[in-house]
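The values are calculated or read from the model by the stated rules, or taken from the named source; none is laboratory data. Note that this is a predicted model, so its numbers are computed, not measured. Methodologically, a virtual Cβ is constructed for each residue, glycine included, from the backbone with ideal geometry; neighbour enumeration extends over all protein chains shown.
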């Protein structure tokens, strides 16, 4: 973990503002650097530089690590690890290892996924510490920044625990402490995530701090809580959290036109990343779109592309087709512009309303509220141009929701892989379509170099 937490707070915050000065992106707040080297207390004596410290974390999350739309992010890597994508790129690349479920602790991507995540967690902790000790910032400003940082810390740990199992939950910027941490049991990590989110819920406002929903609000926290409680099987809480978001109709509605869902001003967006430059679009577009075959990187599996029901608008609007006259390939067409084409019309959507309907539908079915579950499921189906579900029993409705999640959320941050995992279906599904799939592949390996730097992180995950 040394590479993860060795940054001192002052150095981190100085780099934040250097990035700020070089960026024209609208998710940064203009601020002038102090004449001397920036120290942590100086950052939190001014809301502009404090905002810069927080928004720089979002830019790093957008550009590298788990939530990046690049080929190294989870949307692409876990799409290849599960049954969403086939890989056509270079053999022995990191994605090739994901695709062949042949990950090893020595792969550079195993190190970067881990260290990028904990670097951002460290940065969030620096913001928490700075706001808690600021005597200049207004209370509302301190609450906003601390709430956002807690949300980020919880979100990143949520993905880490679902990828690695037991992981450290880092809450300090103290190098001496962080360099010797041990892994916490999954249940303890989930408890810590829930604590952070519950605290953030009390600190963040209902409205958005900035345009285009690029700073999380109270409902972004509730959306993540709904997902967390779904994964934990806390059906009442999952339903209530999702309802809180769904009922915020002054902020969120489903776009009636399915082509509007992934535009930057979509009414169903709860939280998203803005591009690095004002005229840019998403990395996801550049990762997934291609114009000729064979695909340069990845394509949707034929099984996924051909599994949509006739008349499903998601098949015709969210999936593109390329043929060379002999072979045909399919690609995710949710984001329809590459990074540098078409002007800034698309942002990278991390949380959206459609997932909340599906969370509540699944939770309601488990609660025995079958009518409510079907109503929620049908809202998503009807928007896709489909008739209401024919499922009648609780078991059938839950199965129908999981199918709907596959079609609605494909290639979005590993939702498919995590759904198979949380429902204990990894082996029954991927064991058939993935050559050499093993039960131990439900977890990815910790980086070998991190285990050397901090032996307290041992033992390595089984199978590696």
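Taking (1) buried (at least 17 other Cβ atoms within 10 Å of the Cβ); (2) closer than 20 Å to residue 464 by Cβ in turn, residue 185 satisfies each apart from (1). Scan the stretch 141-152 and tell me whether some residue there is surrounded by 21 or more Cβ atoms within 10 Å (Cβ to Cβ), touching a helix residue (DSSP H, G or I) at 6+ places or on another chain (Cβ under 6 Å) and under 28 Å from residue 95 (Cβ atoms). There is at least one residue in the stretch 141-152 that is surrounded by 21 or more Cβ atoms within 10 Å (Cβ to Cβ), touching a helix residue (DSSP H, G or I) at 6+ places or on another chain (Cβ under 6 Å) and under 28 Å from residue 95 (Cβ atoms). Please work out if residue 430 is out of contact with any strand residue (DSSP E or B) (no Cβ under 7 Å at 6 or more places or on another chain), at pLDDT 95 or above, assigned to a loop (DSSP other than H, G, I, E, B) and more than 25 Å from residue 271 (Cβ to Cβ). It is false that residue 430 is out of contact with any strand residue (DSSP E or B) (no Cβ under 7 Å at 6 or more places or on another chain), at pLDDT 95 or above, assigned to a loop (DSSP other than H, G, I, E, B) and more than 25 Å from residue 271 (Cβ to Cβ). Exactly one residue out of 190, 159, 169 is without any contact (Cβ under 8 Å) to a residue 40 or more places away in the chain, surrounded by 15 or more Cβ atoms within 10 Å (Cβ to Cβ) and under 26 Å from residue 77 (Cβ atoms): that is 169.
Could you look through the stretch 408-450, keep only residues that are closer than 19 Å to residue 365 by Cα and touching a residue at least 60 places away in the same chain (Cβ under 8 Å), and pick out the one that is surrounded by the most Cβ atoms within 10 Å (Cβ to Cβ)?
408
Highlighted here are the strands (runs of 3 or more DSSP E) found entirely within the stretch 250-365 that include at least 2 residues which are out of contact with any helix residue (DSSP H, G or I) (no Cβ under 8 Å at 6 or more places or on another chain), surrounded by fewer than 20 Cβ atoms within 10 Å (Cβ to Cβ) and modelled with pLDDT of 95 or more: 319-323.
Residues in the stretch 229-240 that are buried (at least 24 other Cβ atoms within 10 Å of the Cβ) and more than 20 Å from residue 187 (Cα to Cα): 239 only. Condition first: crowded, with 18+ Cβ neighbours inside 10 Å and assigned to a helix (DSSP H, G or I). Can you find one or more residues in the stretch 65-75 that meet it? Yes.
Taking the stretch 139-203 and the helices (runs of 4 or more DSSP H) fully enclosed by it, no element has 3 or more residues that are touching a strand residue (DSSP E or B) at 6+ places or on another chain (Cβ under 6 Å) and modelled with pLDDT of 95 or more.
Given the structure, is residue 109 in a helix (DSSP H, G or I), at pLDDT below 95 and surrounded by fewer than 23 Cβ atoms within 10 Å (Cβ to Cβ)?
Taking the combined requirement at face value, the residue satisfies it.
Whether a residue is closer than 30 Å to residue 234 by Cβ, assigned to a helix (DSSP H, G or I) and within 21 Å of the chain's Cα centre (by Cα) was assessed, and residue 412 does not pass this test.
A quick yes/no check of all residues on (1) within 17 Å of the chain's Cα centre (by Cα); (2) under 18 Å from residue 464 (Cβ atoms); (3) crowded, with 23+ Cβ neighbours inside 10 Å:
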site	(1), (2), (3)
57	yes, no, yes
82	yes, no, yes
88	no, no, no
103	no, yes, no
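Filtering the stretch 204-228 to residues that are crowded, with 23+ Cβ neighbours inside 10 Å, in a helix (DSSP H, G or I) and at negative phi leaves 219, 220, 221, 222, 223, 224, 225, 226.
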